[in-house]
Amino acid sequence: MKQSFKIGELEVSPPVLSAPMAGYTNYAYRELLRRLGGVGLIATEMVSARAFVYMGERGEEEPSRLWGVSEEPRPLSVQIWDNCPETLEELAGRLAHERHVSVVDLNFGCPAPAIAKRSASGSYLLREPERVGALVERVAKVCAPVPATAKIRLGLTQDTINACDVAQAVEEAGGAALTIHGRTASQMYSGSADWDAIAKVKGVLKRIPLIGNGDIKTWQDAVSRFERYPVDGVMIGRAGLERPWLFRQIRDALSGKIPEPEPPLDYQRELLLMHFRLVSERFGVDRGVILMRKFACNYSKGRPNGRAFRDKIARVSSESEFLSVVEKEFGVDRTSSRGE
C-alpha cells in the first residue's frame, strides 16, 4: 500500500493530507492533529490575499487565519485565494520566503457565494482554465523553490465539468500537485463525490501527483480509494473534524497495521477540552467559548446523546457553562435521546 509521495522535493508521508477549511483548521486544530499523528501534510484555513495586503497597507494586525504559521512545526501548507495576480504573488512570496512554509496552495474550488460569486474567485475561476494557469504560473515563480499547488473541483456544474483542462493548465504553469474534490461547485456538499471523475484526471497529468478529496469518512474508505483509484494521496476534511484520530487510523492501515478502534468517550472528551484550552490561549476564554461551540458540535456527531448535547453546547456563553455541559452531556447514553 502507498506510503508516501512527493510535492516538489517535499515528501508527504503518510500520503494523507488535512483539508483547509475556513473557520476550522486554525492553529488549535492543527496542533491537535500533530499530537494525534497520522497527517502527512497539514493545511491552514484559506487566507484572502487581498485582505492580507490591505491590512498590511493599513498597518493592521495580520489575519487571524495566519495564527501560529511562523512558529509551528513543518511541513505546513497555507492555502490562499483571490483572482488578482499581484495580491496572490505578494502573499505567496512572503509566505514562502519570510514565513518559510512548506507549500503554498491556491484555492480554485471554494463554492461559497462570498468567494465564488461576490469575489469572482475560488470555483468561479474554473470557467477559465487559461486564467487559472496564469495565476499558478505567477505564484509558482515567486514561491520557488517552495512548491505551489492547486485545489479544484470537477467543474462548475455537471454540464461543464472541465477538470482535465484545468489540471493541464495547472501542470503546464508549474504547479507541483493538484487536489480535486469530487463534486462540482453547484453541488456544494450535496450528493456524493465522484472518484471515477477524479481518476480520469490522472490520465492527463504527466509529472505531478494527484490528490483525491471527498467522502472519506473511515480508514476503510481511505484504503479503498488507494486500491481502486490512481491517486497519489488523499485529503480528509469534515470527517477529520468529527474524528481527528482518523488520520492515525489511516496511517496504520496503509502501513499494514491493524488500526486502533474508536477511542473511548473519556478520551474523546479530553481531546475536546484540550482543543478548548488551545483556542482560549489564543483568543481568551470568553471568545474561546463562542468559537468552540461549532467544534464541540462536530465532536458529538454520531455519539450517544449527540443531538441533545449540540442543542445545549450551542447556547453556552461562559467557561463554566461550557465545561459543565461537556462533563454532563458529552457522550452520555440516554435511552430517551440516543445519538443521531
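Here are the numbers for this structure:
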read-out: Residues being open to solvent by less than 40 Å² (accessible area, probe 1.4 Å) and not basic (Lys, Arg) - total across the range 230-269; value: 22
read-out: Residues (touching a helix residue (DSSP H, G or I) at 6+ places or on another chain (Cβ under 8 Å) and of a type outside the set (Gly, Ala, Ser)) located in the range 288-303; value: 289, 291, 292, 293, 295, 297, 298, 299, 301, 303
read-out: Residue among 174, 212 that is modelled with pLDDT of 95 or more, surrounded by fewer than 23 Cβ atoms within 10 Å (Cβ to Cβ) and out of contact with any Leu (no Cβ under 9 Å at 6 or more places or on another chain); value: 174
read-out: Subset of the range 283-306 (residues that are surrounded by 15 or more Cβ atoms within 10 Å (Cβ to Cβ), within 18 Å of residue 332 (Cβ to Cβ) and out of contact with any Ser or Thr (no Cβ under 6 Å at 6 or more places or on another chain)); value: 296, 297, 298, 299, 300, 301, 303, 304
read-out: Every residue from the range 211-223 that is free of Cβ contacts under 8 Å to residues at least 40 places away in the same chain and within 18 Å of residue 183 (Cβ to Cβ); value: 212, 214, 215, 216, 217, 221
read-out: Candidate set from the range 1-43 (those that are among the small types (Gly, Ala, Ser) and more than 12 Å from the chain's Cα centre (by Cα)); member that is most open to solvent (accessible area, probe 1.4 Å); value: 13
read-out: Number of positions in the range 68-90 that are open to solvent by 30 Å² or more (accessible area, probe 1.4 Å), of a type in the set (A, V, I, L, M, F, W, C) and within 20 Å of residue 33 (Cβ to Cβ); value: 0
read-out: Given (1) over 24 Å from residue 11 (Cβ atoms); (2) open to solvent by less than 10 Å² (accessible area, probe 1.4 Å); (3) without any contact (Cβ under 8 Å) to a residue 40 or more places away in the chain, index of the condition residue 168 fails; value: (2)
read-out: Helices (runs of 4 or more DSSP H) wholly inside the range 281-340 that include at least 2 residues being more than 26 Å from residue 27 (Cβ to Cβ) and at pLDDT 90 or above; value: 306-313, 319-329
read-out: Residues of the range 187-204 classified as over 17 Å from residue 236 (Cβ atoms) and either of a type in the set (Asp, Glu) or touching a strand residue (DSSP E or B) at 6+ places or on another chain (Cβ under 9 Å) (or both), total; value: 7
read-out: Residue selected from the range 111-129 under the condition in contact with a strand residue (DSSP E or B) (Cβ under 9 Å, 6 or more places away or on another chain) and open to solvent by 20 Å² or more (accessible area, probe 1.4 Å), by the criterion farthest from residue 185 (Cα to Cα); value: 119
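The values are calculated or read from the model by the stated rules, or taken from the named source; none is laboratory data. These numbers come from a predicted model, not from an experiment. Here the Cβ is made from the backbone with ideal geometry for all residues, glycine too, and neighbour counts use every protein chain on show. These accessible areas exclude ligands, DNA and RNA; they are computed on the full protein's heavy atoms, side chains included. Shrake-Rupley method; radii C 1.70, N 1.55, O 1.52, S 1.80 Å.
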